[in-house]
Amino acid sequence: MTTLLVIVILVLLSIALWQLTKIFDLTQAVNGITDSGTQVATDKDNNIQGYLMFGFLAFIYILTIYGLLNWGHFVLGTPASAHGAQVDNLMNITWVLIFFVQTVTQALLHYFAFKYRGRQGQTALYFADNDKLEFVWSVIPAVVLAGLILYGLYAWTNIMFVDEDEDVMVVELYAKQFSWEARYSGEDNHLGKANVRYIEGVNTLGVDMSDPNAQDDKVVNELHLPKGKKILFKIRSQDVLHSAYMPHFRAQMNCVPGMVTQFSFEPIYTTAEMRDMGFMQEKVAHINDIRAKKSAELVAKGLPPLDPYTFDYLLLCNKICGASHYNMQMKIVVDTPEDFKAWYETKETLASAVKAANAKPETTEPGSAPDTAKASVPGDTASVKQDAKPVAMASVKK
Ligand SMILES: [Cu+2]
């Protein structure tokens, strides 16, 4: 692929150089330094160029129609969140406008390029300005764009507004190179404070275990959400900028080190319901067709075949945050409220996980493992907790 790209670039560069020398020759001819010869376009040349304009117009239209028919089904399909329809509506209106304007303006552009193609002896008409025309072509785009922007702002405010009195479930999303963790706020619906300085052992999110709000918090590596409940995500990052992207829920928010960002949505289809939808079954069948072909190739080489694909919601990172950015994802499962409750009860709190980890007898020799070495120097961790004032204590409240 790289070789092909290099060849294409070299060919394009040589064409550009060739054209440049031709332009140079032409300027010499115009200035009377050399004989113009056959370099100046004839009426026949101009006619060919004029018709080629129509050819190019047809090419643009055919490519657009071909793209829509062949790749149109790659769009995300039915949104899985309550606000998703608003995002899709805004997107669809924008698409329709772009298609309409593109179709009309390209047709006019190419038609006029053909109509006023060069003719021997014809000189251009000097045309200074036309206030009426300029007014029309300035006001129409201004009104249309203002409408789009206002509608976008209205949708954004709607989606981002969270009523503090509303019954929402607070969940933290924690981004780091290159994985995600989620923390449930527990019975009290308040996340305990957290800071990167408190990260130690099983406390991978740096939760302040002395905070009463932290006692019932639960940390998981697979995010489960109850259908029909509004979730308020509080988002943090341990290291660099990441972006919490949940495409099926039409949700995205930056994860910024040193601050808490938020996004909320209500899941409206369980994972099982989404798997049952017609468009999703078609998508999955298509992916499995590709996998089956690839598996046949692998088996022929004596390698193990690929597993068949089943659909799952995903939390992805949408900021290029480092070498393994592409693999930074967490599975999201939307359950019925009952299933969610049952799953949630099987998870232990972070407080009991920390307690269990601290209670483990030190069987290894001091200094043989990093964890033991750290634990055997009590002054080290104590100094962090007592002396160092955390710079950006993330106060995470509802
Ligand atoms: Cu990332």
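The values are calculated or read from the model by the stated rules, or taken from the named source; none is laboratory data. In this text the structure is predicted, and so the values were computed from the model without any measurement. Neighbour counts run over all protein chains shown; Cβ positions are idealised from the backbone, glycine included.
A few notes on this one:
- Residues within the stretch 106-126 that are more than 15 Å from K44 (Cα to Cα) and part of a loop (DSSP other than H, G, I, E, B), tallied: 4
- Given (1) outside the structural domain of H248 (by TED's automatic domain parsing); (2) at pLDDT 90 or above, number of the condition C317 does not satisfy: (1)
- Qualifying residues in the stretch 286-322 (those that are within 16 Å of the ligand (Cβ to nearest atom) and in contact (Cβ under 8 Å) with a residue 60 or more places away in the chain) - the one nearest to the chain's Cα centre (by Cα): N318
- Within the stretch 167-226, strands (runs of 3 or more DSSP E) holding 1 or more residues that are within 16 Å of the ligand (Cβ to nearest atom) and surrounded by fewer than 17 Cβ atoms within 10 Å (Cβ to Cβ): 179-184
- Residue match in the stretch 27-49 (condition: within 44 Å of the chain's Cα centre (by Cα) and part of a helix (DSSP H, G or I)): yes
- Annotation for the stretch 127-149: at least one member residue is more than 35 Å from the chain's Cα centre (by Cα) and closer than 30 Å to K44 by Cα.
- Filter pass, I231 being within 16 Å of the ligand (Cβ to nearest atom) and touching a residue at least 60 places away in the same chain (Cβ under 8 Å): no
- Checked across the stretch 234-254, the condition of being away from the ligand (no atom under 16 Å from the Cβ) and in a helix (DSSP H, G or I) holds for at least one residue.
- Test for T21: is it part of a loop (DSSP other than H, G, I, E, B) and not basic (K, R): no
- Among the residues of the stretch 292-319, those that are part of a loop (DSSP other than H, G, I, E, B) and closer than 27 Å to P267 by Cα comprise P308, Y309, T310, F311, D312, N318, K319.
- Among the residues making up the stretch 326-345, a single one is near the ligand (Cβ under 10 Å from one of its atoms) and either closer than 22 Å to E187 by Cβ or touching a Cys at 6+ places or on another chain (Cβ under 6 Å) (or both): M328.
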